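This report concerns only the one structure given below.
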Amino acid sequence: MNTKQHQPVLLQRAVDALVTNEDGFYLDATFGRGGHSQEILSRLGEQGRLMVFDRDPAAIDVAMKLKASEPRLLVVHSEFSALQKSVEESGKSGMVDGVLLDLGVSSPQLDQAERGFSFQADGPLDMRMNPEQGMSATEWIATRQEAEIVSVLFEFGEERFARRIAAAIVKRQQLEPITRTADLAEIVKAAIPRWEK
Ligand SMILES: C[S@@+](CC[C@H](N)C(=O)[O-])C[C@H]1O[C@@H](n2cnc3c(N)ncnc32)[C@H](O)[C@@H]1O
């Protein structure tokens, strides 16, 4: 399986700390391209089990390919907020030996312009980790009040120029829908008075 698309962070150290029982039951809440999962599986014996989650269908495709030759793997296409429910449904409540969360985006999500996360490569302004659910960033921007955009940029992005950026977004949106990542990047760039060194 090709895991070179994403370089797992702190691979050995994270898995060293996680896996203490080779027959244990472990969760990888953010499968991505499976770098951590494969390392966890390499430390488990025949009785060990690994349940993996990801909300991105592209990550789940990779997980399902791995599962074809890996009977110790359980794959759940879901947000990790459903983790407890999935564990309960599998009859493993109270038996979890460890959980790994490698939070954030994966390299393929950033590298593939059509996913709409990149400000280096132009693509449709989508930004959904699961493109089959919810609304794209284009739709989100088009349906939000300025105050909500400020709040998201400030609280989730820790962006100190949140007000300026939100005002610029709303101004452009009133002229035409913002549908491309390059357009949004230009709007943000123009709205920021100075760049961090
Ligand atoms: C940094 S990557 C994980 C990389 C992984 N450890 C590897 O070695 O390939 C983060 C992953 O978490 C997924 N993700 C982000 N938020 C999620 C959520 N709420 N529920 C499930 N998966 C989520 C993303 O789709 C992405 O694939």
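The values are calculated or read from the model by the stated rules, or taken from the named source; none is laboratory data. Nothing here was measured: the structure is a model prediction, and the numbers come from that model. Neighbour counts run over all protein chains shown; Cβ positions are idealised from the backbone, glycine included.
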Qualifying residue in region 44-53 (condition: over 17 Å from the mean Cα position of the chain (by Cα), surrounded by 12 or more Cβ atoms within 10 Å (Cβ to Cβ) and of a type in the set (Val, Ile, Thr)) = no
Residues that are touching a Ser or Thr at 6+ places or on another chain (Cβ under 7 Å) and among the small types (Gly, Ala, Ser), drawn from region 61-97 | Ser78, Ser86
Wholly enclosed helices (runs of 4 or more DSSP H) of region 76-177 bearing at least 3 residues buried (at least 17 other Cβ atoms within 10 Å of the Cβ) | 137-142, 146-155, 162-175
Out of (1) hydrophobic (A, V, I, L, M, F, W, C); (2) within 15 Å of the ligand (Cβ to nearest atom); (3) assigned by TED's automatic domain parsing to the domain that holds Gly24, the odd one out for Val96 is which?
-> (2)
Do you know which residues across region 63-75 are outside any loop (DSSP other than H, G, I, E, B) and touching a helix residue (DSSP H, G or I) at 6+ places or on another chain (Cβ under 9 Å)?
-> Ala63, Leu66, Leu73, Leu74, Val75
Filtering region 3-46 for residues that are within 13 Å of the ligand (Cβ to nearest atom), part of a loop (DSSP other than H, G, I, E, B) and in contact (Cβ under 8 Å) with a residue 60 or more places away in the chain leaves a count of 9
